[in-house]
Amino acid sequence: MRSYIKYVFVGLLFFKSVLAQNSVDAQLDYANKIFESSKYFDAITEYKRVLFFSSDKKYYSKLYYQIALCYKAGAHLDEAIKYFVLSEKHASNDSLAFNAKIEIIRCNILRKSTARALQLCNELEDDIRFASKKDEIYYWRGWAFMFADDWENAAKCFSQSKDYNELIMLCGQVVKDKVSVTFAKVISYILPGAGQIYSGKIFSGLMSLVWSLAAGYLTVNAFMANRAFDGLLIAELVWLRFYRGNLENAEDFAVEKNMLAANKTLKYLENEYKGVKP
Amino acid sequence: MTKTHIAFMSFFLLIVSIAKSQTNVQSDFFSNNNRLKFANHLYNEKDYLRALGEYKEILKLVDNDTIRFRFANSFLKVGRYDEAAQNFKTLFVSSKLQEEAKFSYYQTLFFSGDYNDFRINYDGGFYLPQKYYKVIDRLNSATYFLQQANLPGESKLIKPFDDSVQTKLIYFSQMIKNPPKKNPVTAALLSAAIPGAGKFYSGEITDGLIALGATLLSGFLAVNNFQNNHQFRGWLFTGLTAFFYGGSIYGSAASAKIYNAKLKSDLNKEIKLYFEERNYFLPKIEL
């Protein structure tokens, strides 16, 4: 009979421990439901509650990950990274660690700390555990370059996989649409207005050319008539004013054109692109 | 007792245990005791906003001075000063934490930036905690430094502070009372006498030299053109000279005003930083 009671006692203890675990699972489900209903502030509270009461370390990585996702959804990227790092640290397998690290990279892309995002991509690429996940690493490296306005390198990263044709095309389009700011300035030094015309502002470029020619003519004319003072005055106050304006405009218009090209694509990526985004 | 009896009893116990555990699956996490543990954990982690929510639920069932204090203090930490003050006030009578609550109430007034309200309470002796009187006295002095207005006598102002910081506070006090301001009228008159001199006076040396150079050059060109019977150019440069001369006078007055504004802003920043770095000379209270 004594052994019988012992079995019952052991059975009770076993059921109790199973139920304790069930209670953590139930609370986790409750927190997940709040998360799914997009109430991120409350979801963080409930995940933190589970974290506080759960002594089972197997939950830690998942909980930190979920908390980080909530912070990310609320645009608290620094906090999100802090919890993704904790999630990676407590990851019980390589897959969880990889996902956490990818999320850290995505947060870095969003907060435009490109150098850090690229550094983390390199670390992942060098890690033999993730040799089979190179495509995903290239993908996020490409995104890091796109957010850093480096479309050529982005296209190179995407071209390392067959699955990213749409992104390669988009990057190629931006590269094609962009103009060289240096070239715009250099040709404007040689021929006033040329940089503006090159950047697509034809009327403004022609006006710069006309003003510079007219002011140049007046300056030369004054010197030819031995009116050196008038020549200096017109050169400084009129000719150089238009010449400098032409150089500034060439740079501004080129930068503006590049920005428009990049923004158009970023807007497309934000609203129309169906793939995973940072 | 037969084996059947024992088996029945064990089964019954098992069922009771399972039923009890199932009803407690979630309520355990939200029992008052566990909620308090969790709230304190959040509070210690400085997650005051979430701690607030937990303390609020606990206070619906239990009224405890420490919990109420932490609840009020959480409001203070997240910058909800009115709610903080209201909750600290509930601890003013017959509470073992009344001294701490009164002290924190003054902190609430101080950090809300309503220095006048702080002083009304302090001068009227309302809710002054005996235990923390010296700290409140320092906070009161700090309000004058931070507001930079209506400073009392220097000895009264710096008396609550340690000797080690008094030299700096005397400096702040003197800078507030007698700031080395530049007079815009003086600056304008100086530039009227010598173009650009007002800018030198306001510390704008380069601007002063440019103003002087431009006025002299255009004046010389005006005279030179008139002497050579170039009437149009003469008048053109006369107008330009008048423009530079007037601009120099106006600019000098403006630069003196900018100098004064910068002086005040810099002093304000310096004082604020000084007190912030020293946590406003507040003691740390752990409850």
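The values are calculated or read from the model by the stated rules, or taken from the named source; none is laboratory data. What you are looking at is a predicted structure, and each value in this text was computed from that prediction instead of being measured. Surface accessibility is based on the protein's heavy atoms, side chains included, excluding ligands, DNA and RNA. Shrake-Rupley method; radii C 1.70, N 1.55, O 1.52, S 1.80 Å.
Size estimate for the stretch A:181-269 follows the Kirkwood approach: the inverse of mean 1/r over distinct Cα pairs works out to 13.9 Å.
Measuring with a 1.4 angstrom probe and ignoring ligands and nucleic acids, B:L263 comes out at about 40 Å² accessible. With helices as the sole contributors, the protein assembly as shown gives -25500 deg cm²/dmol at 222 nm; each DSSP H run of n ≥ 4 counts as -39500 (n - 2.57), and the sum is divided by every residue.
Structure remark: mean-square fluctuation, Gaussian network model of chain B, C-alpha springs under 10 Å; the largest value among B:N268, B:N64, B:N87 belongs to B:N64. Across all directions, the average projected area of the convex hull around the alpha carbons of the stretch A:96-138 is 2.6 nm².
Please give the solvent-accessible surface of B:F200 in Å², to the nearest 10, using a probe radius of 1.4 Å with every protein chain present. That residue has around 80 Å² of solvent-accessible surface. Backbone phi angles across the stretch B:140-151, fed through the Karplus curve with coefficients 6.51, -1.76 and 1.60 (θ = phi - 60°), yield HN-Hα couplings of 4, 5, 4, 4, 5, 4, 6, 7, 6, 8, 6, 5 Hz in residue order; Gly and Pro are listed as x. What a 1.4 Å probe finds exposed on the protein assembly as shown is 59% carbon and sulfur by accessible area, rounded to a whole percent. Size descriptors for chain A (Cα atoms only): Rg and Dmax, in that order, 31.0, 130 Å. A Gaussian network model of chain A, with springs between Cα atoms under 10 Å, assigns the largest mean-square fluctuation among A:A222, A:A148, A:A68 to A:A222. If you look at the Cα atoms of the stretch B:222-263, you get an Rg and a Dmax of 15.8, 50 Å.
Once the Cα atoms are used to define both axes, helix B:48-61 deviates from the longest principal axis of chain B by about 40 degrees. Expressed per residue, the C-alpha convex hull volume of chain B stands at 230 Å³.
Across the stretch B:72-87, computed HN-Hα scalar couplings (Karplus, 6.51 cos²θ - 1.76 cosθ + 1.60, θ = phi - 60°) run 5, 5, 5, 4, 4, 5, 8, x, 9, 5, 4, 5, 4, 4, 4, 6 Hz from first to last residue, x flagging Gly and Pro. Counting only Cα atoms, the stretch B:81-162 measures 38, 23, 20 Å along its principal axes, largest extent leading. Using every pair of distinct Cα positions in the stretch B:184-274, the Kirkwood expression returns a hydrodynamic radius of 14.1 angstrom.
Taking every alpha-carbon pair in the stretch B:100-144 and binning the separations at 10 Å intervals from zero gives 32, 64, 4 percent. Please list, short to long, the whole-number percent of alpha-carbon pairs of the stretch B:32-113 in consecutive 10 angstrom bins beginning at zero. Cα pair-distance distribution for the stretch B:32-113, in percent: 21, 52, 26, 1. Cα convex hull of the stretch A:2-164: how many Å³ per residue? Dividing the Cα hull volume of the stretch A:2-164 by its residues yields 143 Å³. Residue ranking by accessible heavy-atom surface, 1.4 Å probe, largest first, among A:M146, B:M175 comes out as B:M175, A:M146.
Distance from the C-alpha centroid of the stretch A:200-278 to that of the stretch B:124-164: 61 Å, rounded to the whole angstrom. Beyond 46 Å, the tail of the calculated P(r) for the protein assembly as shown holds 52 percent of the Cα pairs. Per-residue Karplus couplings for the stretch A:75-80, computed as 6.51 cos²θ - 1.76 cosθ + 1.60 with θ equal to phi - 60°, are listed in order as 6, 8, 5, 5, 5, 4 Hz, Gly and Pro entered as x.
Of the listed residues B:T241, B:T143, A:T182, the order by accessible area with a 1.4 Å probe, largest first, is A:T182, B:T241, B:T143. When the accessible areas of A alone and B alone are added and the area of the pair subtracted, with a 1.4 Å probe, the result is around 2400 Å², both sides summed. Seen against the Cα atoms of chain A and their longest principal axis, helix A:181-190 is set at about 0 degrees. Centre-to-centre, using Cα atoms only, the stretch A:104-135 and the stretch B:229-259 are separated by 61 Å. Surface exposure of the protein assembly as shown, expressed per residue as accessible area with a 1.4 Å probe, stands at 56 Å².
The solvent-accessible area of A:I190, taken with every protein chain present and a 1.4 Å probe, is close to 130 Å².
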